[in-house]
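To start, the structure itself, in structure tokens.
The values are calculated or read from the model by the stated rules, or taken from the named source; none is laboratory data. On a predicted model such as this, the values are computed, not experimentally measured, just so you know. Neighbour counts are summed over all protein chains in view; Cβ atoms, including those assigned to glycine, are modelled from backbone coordinates with ideal geometry.
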Amino acid sequence: MSGYEYKIDESLDENKGNQNSGANSSGQNYKNRSKSIWSWDEKGNVKVVEICYNSILNKCSYEAEGCSRLHSDLHFHWQISKQDSEWINLPKPLVIELEVAYCDPNNDGIDLSKVEIKKLSEISDILGTPSWKLNFDTFLLKSEKKSIHSRRLCTEKIVGKKLPSNKYIWYFLDEKERWIEYGKYDSQTHFGSETNSEHIEFEFKKYLSNNRKNTMLFQYQMMTYCIDFDSMNQTNLKSQVKRKVRRRPEIDVKYKY
Ligand SMILES: [Zn+2]
């Protein structure tokens, strides 16, 4: 799999959501539990790698005892980690900058030297140098000598709520090096498709949940195409022509330039 999607344990009980106390789930241990982790706290380890929907509305019932999800005032957040274990929250201005860049399929990554890291003391200790590049396909943040991990969190899906942060759009790279959204007919390439983002996302979620079937097929103009979720490529099964595929969130209109 691509490595940037984190599985969600749906069976997790919110009441057992504290990862630091080491306590069992009985009520008497509540006093040992730490409070919920907010996106502006430096350390960002959470049991469920998602933003708590209710925290945005300031009404999470588990705020006091420690919610299993990250609390935030935005529906998305970004974190970095040296060892993939201790996650550090990035500050809001940088989070917004990363999110806007990530939502655009034309961006392979973002050059962090353009962001004013010097002012961001809590992450400058880790980053240490201004020349970092974040690759949006691998989620690796690299400088000349070092490589650290990053991850994106967003609000969980809530029935009846349509949030850009957790709505993903699927694109393929056409022969003119343009990222075309699946399901959108393109008058210049004449390559539309009979699948769309919603359908591919459905198949992708199945792949993430059982990690077995890493491909899906779809038809277009008598041709059969195969999308491989491991390599993030699409192959025309007859011609064997391969195209790159990308999955990016829909941008929140508030941040659309
Ligand atoms: Zn919460």
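At a glance:
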read-out	value
Tally of residues being surrounded by 15 or more Cβ atoms within 10 Å (Cβ to Cβ), in a loop (DSSP other than H, G, I, E, B) and in contact with a strand residue (DSSP E or B) (Cβ under 6 Å, 6 or more places away or on another chain) across the range 84-106	2
When residues of the range 34-55 are limited to those that are more than 8 Å from the ligand (Cβ to nearest atom) and hydrophobic (A, V, I, L, M, F, W, C), the one surrounded by the fewest Cβ atoms within 10 Å (Cβ to Cβ)	TRP40
Residues that are over 16 Å from GLY183 (Cα atoms) and not in a loop (DSSP other than H, G, I, E, B), drawn from the range 205-243	LYS205, LYS206, TYR207, LEU208, SER209, ASN210, THR215, ASP228, ASN233, THR235, ASN236, LYS242
ASN210 being exposed (fewer than 14 other Cβ atoms within 10 Å of the Cβ) and modelled with pLDDT under 95	yes
Evaluation of ASN106 against (1) assigned by TED's automatic domain parsing to the domain that holds TRP87; (2) modelled with pLDDT under 85 (one fails), failing number	(2)
Of residues in the range 56-82 being under 18 Å from LYS35 (Cβ atoms) and crowded, with 22+ Cβ neighbours inside 10 Å, the one nearest to the ligand (Cβ to nearest atom)	CYS67
